[in-house]
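The values are calculated or read from the model by the stated rules, or taken from the named source; none is laboratory data. Given the structure is predicted, the values throughout are model-derived calculations rather than measurements. Cβ coordinates were reconstructed from backbone atoms using ideal geometry, including for glycine residues, and neighbour counts include every protein chain displayed. For accessibility, only protein heavy atoms count, side chains too; no ligands or nucleic acids. Shrake-Rupley method; radii C 1.70, N 1.55, O 1.52, S 1.80 Å.
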Amino acid sequence: MHPVFKEYIDSLEPSFQRLLNMKPVTVATLPKEIPQSGIYLFSENGKHLYVGRTNTIRKRLQNHCRPSSGHNSATFAFRLTREITGITQATYVTDGSRANLALDAKFGPEFIKQKKRVREMYVRYVYEPDPMRQALLEMYVSVSLGTPHNDFDNH
C-alpha cells in the first residue's frame with residue numbers, strides 16, 4: 001500500500017469514532033452551531049442506513065427531507081421510495097425517468113412519505129473540510145457500518 005494512502009486510511013478512524021460518539025439529533029432539532037462541511041449519517045431504529053458528504057451540512061440535511069425537495073436533492077428518500085415501490089431500475093428515457101417517477105400516482109405520494117421519514121431519522125455528522133478525506137471517510141463509514149442505501153456505482 002502506498003504510504004500516503006495508508007496515512008489517509010489510518011487518519012479516518014478518529015473521525016469515524018467522533019461520528020459514532022456524537023449524540024444523534026434529527027434534522028428538525030439540528031443545533032444552531034454545526035460544522036460547514038463533512039460527512040453525515042442517517043440512522044433509524046438503531047440501524048445505520050445512509051452516509052453522505054457535503055460542504056454544506058445543514059442545507060444538505062434539510063434538502064434530504066424538505067417536502068419540496070426533488071429527486072436530485074432528496075436522494076436518500078428517493079432510494080427508499082424505489083425500494084418500497086419496487087421500482088428499482090434506473091431508466092434513461094423520459095418514461096420512467098427520475099423526474100417522471102416523482103409524478104407517478106404510486107411513487108409520488110410514497111416519495112413525500114419517505115422525505116418525512118428521513119426528517120424523523122437520527123442524524124450524526126462530523127467535520128471534515130478536505131474533499132479527499134471527505135470522500136474516503138464517506139466510503140470508510142459506509143463499508144464499516146454496512147449502510148444498505150449507499151452505493152458507489154458510476155452512472
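Go through 47/106; 47/116; 59/106 and tell me which ones have a Cα-Cα distance over 24 Å in this structure.
Details: 47/106 27 Å; 47/116 18 Å; 59/106 28 Å.
The answer is 47/106; 59/106.
Computed over the chain with a Gaussian network model linking Cα atoms closer than 10 Å, the most mobile of 78, 107, 42 is 107.
Close amide H partners of residue 49, meaning residues 5 or more places away or on another chain with modelled amide H under 5 Å apart, are 42, 43, 44.
Residues in region 22-65 near a label at residue 83, defined as backbone nitrogen under 15 Å from the 7 Å Cα→Cβ point? What the label zone holds, given the 15 Å backbone N cut-off, is 41-52. Heavy-atom accessible surface of region 3-145, averaged per residue, reaches 55 Å², computed with a 1.4 Å probe. In the chain, the DSSP-assigned H stretches of four residues or longer account for a calculated mean residue ellipticity at 222 nm of -14000 deg cm²/dmol, using -39500 (n - 2.57) per stretch and the full residue count as denominator. Rounded to the nearest 20 debye, the dipole magnitude of the chain is 640 debye, with +1 charges on Lys and Arg beta carbons, -1 on Asp and Glu beta carbons, and the Cα centre as origin. In this simple spin-label model, placing a label point 7 Å from the Cα along the Cα-to-Cβ direction at both residue 18 and residue 68 gives a separation of 3.4 nm. A DSSP coil position with no more than 14 other Cβ atoms inside 10 Å describes the following trypsin sites (Lys or Arg not before Pro) in region 1-60: 32. Sequentially through region 46-59, phi angles give Karplus couplings (6.51, -1.76, 1.60; θ = phi - 60°) of x, 10, 7, 10, 7, 10, x, 9, 6, 9, 9, 4, 4, 4 Hz, Gly and Pro residues having no value and appearing as x. Atom-type composition of the exposed protein surface of region 3-145 places 56 percent of the accessible area on carbon and sulfur (1.4 angstrom probe).
From the list (1) 16.2, 53; (2) 15.3, 43; (3) 15.0, 47, can you say which value of Rg and Dmax of the Cα atoms in Å was derived from the structure given? It is the one labelled (1). For a modelled paramagnetic label at residue 99, 7 Å from Cα along Cα-to-Cβ, the residues of region 50-75 in reach, with backbone nitrogen under 14 Å, are 70-73.
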